[in-house]
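The structure appears below as structure tokens.
The values are calculated or read from the model by the stated rules, or taken from the named source; none is laboratory data. Just so it is clear, the structure is predicted and the values come from calculations on it, not from any experiment. All Cβ positions, even for glycine, are placed from backbone atoms using ideal geometry, and neighbour counts span all protein chains on display.
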Amino acid sequence: MPYDDEEIRQEAVELLSAIHTWRLTSEGWSEVERHLDALSAAAKKNDPIEVKRATNRLEDAVATWRTPPPRSLSDDRPEPTTAPPPVLERKGVVVHELGSRDDSAPDRPDER
């Protein structure tokens, strides 16, 4: 098997669990929302390769937005903020779609 589904899922969940630490501009958060949509679509298709790709793209986008521009270019740039509530809500939905669960909860049959 060329990939480990659980490892891929866990990498995505770990990345998403850090979202509350990110400080991005509104443009950055808009891009994060687009990547969350892609990750959601991959999770709904149960496609580990697409989940991995979407996770990598999100991680790359966040790294780009978190890298400060040269000072001369940043004078007119809006201040970065923490994640707005809609992004946090979307993140929660995507984590659920990825199948993250509380290990203390009893196993439930797949509801698809």
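Taking the condition of being loosely packed, with under 13 Cβ neighbours inside 10 Å and of a type in the set (Lys, Arg), how many residues in region 76-95 meet it?
Counting residues in region 76-95 that are loosely packed, with under 13 Cβ neighbours inside 10 Å and of a type in the set (Lys, Arg) gives 1.
Please tell me if Trp65 is touching a Gly at 6+ places or on another chain (Cβ under 6 Å), in a helix (DSSP H, G or I) and crowded, with 16+ Cβ neighbours inside 10 Å.
Answer is yes for this residue.
Taking into account only those residues within region 41-51 that are touching an Asp or Glu at 6+ places or on another chain (Cβ under 8 Å) and surrounded by 19 or more Cβ atoms within 10 Å (Cβ to Cβ), which is farthest from Val87 (Cα to Cα)?
Pro48
Restricting to region 1-37, and then to whatever is assigned to a loop (DSSP other than H, G, I, E, B) and within 16 Å of Ala83 (Cβ to Cβ), can you tell me which residue is modelled with the lowest pLDDT?
Across region 1-37, the extreme among qualifying residues is Thr25.
State yes or no: is Arg71 under 21 Å from the mean Cα position of the chain (by Cα), at pLDDT below 95 and not β-branched (Val, Ile, Thr)?
No: the conditions fail for Arg71.
Considering only residues that are among the hydrophobic types (A, V, I, L, M, F, W, C) and either under 16 Å from Ser17 (Cα atoms) or loosely packed, with under 15 Cβ neighbours inside 10 Å (or both), which ones fall in region 30-40?
Listed by number, the residues that qualify are Val32, Leu36, Leu39.
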